[in-house]
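Scroll down for the structure; my scribbles are underneath it.
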Amino acid sequence: MKKTLVIWVAALVLCQALQAQIVGAGKAVDPYKYTIVKKGTFSKAAVSSAHPLASQVGAAIMKRGGNAFDAAIATQLALAVVYPEAGNIGGGGFLVGRKKDGEIVGLDYREAAPAAASRDMYLDRNGNAQLNLSQNGHLASGIPGTVAGLFATLPYAKLPFTQLVQPAIDLAEKGYVISAREASGLNSARESFLKYSTRPTAFTKEGKWKAGDTLVQPELAATLKRMQKDGAKGFYQGETARLIVEEMQRGKGIITEEDLKNYTAKLREPIEFNYRGHHIISFAPPSSGGILLAQMMKMIESFPVSEYQFQTVKSVQLMIEAERRAYADRAEHQGDPDFWKVPVATLTSDAYLKQRMADYDPDKAGVSANVKAGQIPQSEETTHLSTMDAEGNMVAVTTTLNGGYGSKTVVGGAGFLMNNEMDDFSAKPGVPNMYGALGGEANAIAPGKRMLSCMTPTLVLKGNKPYLTIGTPGGTTIPTSVYQALVNLIDFNMNLDDAINKPKFHHQWFPDEVSVEKDFSAETKKQLEAMGYKLKERGGIGRTEGIRILNGKREAVADKRGDDSVAGF
Ligand code: DON
């Protein structure tokens, strides 16, 4: 009896080891046995992402001759399998990269509103916004952009797509072991998957998921194989497109084959600015992230922030007041630049930002009701990954389904989750979206328009040389998280680990309150309250992944707030 058991266990281990070896990234990646690595210093190349297996896939691709762009593609594809909560092919994202020759690349593969979308599509007869429809199920999805983005990244990469997608195919086909966090995420979304999907999905099974279970996704593997064979057409046309449209029709969604066929990723000129000897490069509209970051940092640059010190009432109060003003501008002035004239130059100019801070009072809490967007002269759940290679290329990608597991609709027969990005539009002026963000005309729904994002994939140069790649998920807290990480590094001279993991705070104009993480300084909290600020404790803010060059090495850090993990060599 015992002997049989030993043989059986040995056979199982052997079988798993063999399966592990067939994973396209090589032996380095074992989907049945992996550990979370929060930081590492690597001499050549590094990846930091939301999942250990995805980071390992990215590092293995670079070891095989790929560069940071190859790693960004392969890591995103792996995340689409091992991190269904936010990794995706049914969502969208932004990539900012810097090639070793200094060329800067900004790729917008944000989802777009379907042709049949209309401004008031989420209003009922009485004009009330029905946010359930913009947040869950078939009508919540924009046209997915991620796959177009991956193929638009390919010209900067070195290896063929067929190789870059293989690890993801293997992970989907053979399965991978899920963590306690993933099991709990899947369990809590179970009812939603059943409600908003019209066919059985890989994400629900009889009984509850637990840590150590293996998640196998054969339909997703088949979809990835169609992309491997036919490129972007393997997603936007043919079988996959048909399955998406059929799923939409079963659930009153409006995405058509035409919508899918017409979708393109777009090159965008990133937002660039200097801050205390650092050159910062971040994303332009339709993400609001780069402009928010530039505004917040430039508003505080003339103050002696390092003297104020980390998380004192002085430094936090100043940073909050910059946040309040920048987010007021976001609501009024930012939207898809192909549909709305975003006054980028004015919003980020020194003169304008100085005037925005003219009424700043260091002794008193500001009041959002009194802070309107600046006057512009008439004339004119998400995941982040960072990669760096040995050649000097660096990439930051933030990609999203919007909420955790997106719309909770799995495309029947195709095995992937669709986004609920339509909620990032302003369904009705004055009605906050799921992140409490307000918007108006600039971000109203229109066919083909891309909804305003907060995603802030960011690169930093020092002395015109690559220094840092960073970014995070977190809805409206994304720009303020990146802002704090950068101020921590630059003003408070922290190491990257502390810059990412120290407690954070957030203000977004409305609601007029400061949210703080549980471990935020109790003393500063008390002092802010005494000044008139309303503070609210909340769960973790962001899951920031960063890599910086320090003494010629790549120092990679993954946020403590999740299963996030680094890999490199
Ligand atoms: O594009 C945006 O700003 C949002 N859809 C991001 C959502 C997000 O970060 C969710 N993660 N926590």
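The values are calculated or read from the model by the stated rules, or taken from the named source; none is laboratory data. What you see is a predicted model, and the numbers here were worked out from it, not measured in a lab. Methodologically, a virtual Cβ is constructed for each residue, glycine included, from the backbone with ideal geometry; neighbour enumeration extends over all protein chains shown. Each accessible area value is taken on the protein alone, full model and side chains, heavy atoms only, with ligands, DNA and RNA left out. Shrake-Rupley method; radii C 1.70, N 1.55, O 1.52, S 1.80 Å.
Quick one: work out the % antiparallel among DSSP beta bridges in the chain, nearest 5.
Numbers: 64 of 69 bridges.
Around 95 percent of the beta bridges assigned by DSSP in the chain are antiparallel ones.
Sum -39500 (n - 2.57) across every DSSP H segment of at least 4 residues in the chain, then divide by the residue count to get the 222 nm mean residue ellipticity, nearest 500. Present the calculation step by step, with values, prior to reporting the outcome.
Values: 19 runs with 206 residues, N = 569.
Using -39500 (n - 2.57) per qualifying helix, the result is -11000 deg cm²/dmol.
Residue 63: which aspartates and glutamates have alpha carbons under 20 Å from its alpha carbon, excluding same-chain residues fewer than 8 sequence positions away?
The qualifying aspartates and glutamates are 30, 170, 389, 391, 555.
What three numbers, in Å, describe the spread of the alpha carbons of region 85-179 along their principal axes, ordered from the longest?
Result, largest extent first: 55, 39, 24 Å.
Going by a ≥ b ≥ c, the root eigenvalues of the Cα gyration tensor, does region 164-213 fall in the rounded group (a/c under 1.5), the prolate group (a/b larger than b/c) or the oblate group? Don't skip to the end; give the middle numbers.
On the way: a/c = 2.41, a/b = 1.38, b/c = 1.75.
It comes out oblate by the Cα gyration axes.
Output wanted: per-residue J couplings in Hz (rounded whole) for region 352-367, from phi through Karplus 6.51 cos²θ - 1.76 cosθ + 1.60, θ = phi - 60°, x for Gly and Pro.
Once rounded to whole Hz, the list reads 4, 5, 5, 5, 4, 8, 4, 9, 5, 10, x, 9, 9, 6, x, 10.
Could you go through region 543-559 in sequence order and give the Karplus-derived ³J(HN,Hα) for each residue, using 6.51 cos²θ - 1.76 cosθ + 1.60 with θ = phi - 60°, rounded to whole Hz, and x for Gly and Pro?
Result, ordered by residue: 9, 7, 10, x, 9, 10, 8, 9, 6, x, 9, 9, 9, 10, 9, 10, 4 Hz.
For residue 539, what charge total do you get from the other residues with a beta carbon under 10 Å from its beta carbon, if Lys and Arg give +1 and Asp and Glu give -1? Could you put the intermediate results ahead of the total?
Numbers: positive: 518, 538, 561; negative: 517, 537.
Net local charge, residue 539 excluded: +1.
Could you do me a favour and compute the accessible area per residue for region 469-561, 1.4 Å probe, result in Å²?
Working: 3110 Å² over 93 residues.
Accessible area per residue: 33 Å².
If a/c stays under 1.5 just call it rounded; otherwise compare a/b with b/c (prolate if a/b is bigger, oblate if not). Do that for region 474-558, with a ≥ b ≥ c from the square roots of the Cα gyration tensor eigenvalues. Walk me through the intermediate numbers first.
Numbers: a/c = 2.57, a/b = 1.96, b/c = 1.31.
Taking the square roots of the gyration eigenvalues as a ≥ b ≥ c, region 474-558 is prolate.
Hand me the trypsin sites (Lys or Arg not before Pro) from region 426-521 located in a DSSP loop with no more than 13 other Cβ atoms within 10 Å, in residue order please. Please list the in-between numbers first.
Working: sites: 449, 450, 462, 504, 518; in loops: 449, 504, 518.
Qualifying residues, ordered by number: 518.
Return the lysines within reach of residue 428: Cα separation strictly under 17 angstrom, same-chain partners fewer than 8 residues apart disregarded; answer none if there are no such residues.
Once the sequence-local lysines are set aside, what remains near residue 428 is 449.
In vacuum, with every alpha carbon of the chain counted as one equal point scatterer, what does the Debye formula give for log10 I(q)/I(0) at q = 0.06 Å⁻¹? Two decimals, please.
Result of the Debye calculation: -0.27.
Taking only protein heavy atoms into account and a 1.4 Å probe, give the accessible area per residue of region 250-383 in Å². Mind dumping the intermediate values first?
Details: 5950 Å² over 134 residues.
Computed with neighbouring chains in place, this is 44 Å² per residue.
Ignoring ligands, DNA and RNA, what percent of the 1.4 Å accessible area of the chain is carbon and sulfur?
Details: 11150 of 21070 Å².
With neighbouring chains kept in place, the figure for the chain is 53 percent.
Before I look further, what does region 121-233 give for accessible area per residue, probe 1.4 Å, in whole square angstrom?
Details: 4930 Å² over 113 residues.
Result: 44 Å² per residue.
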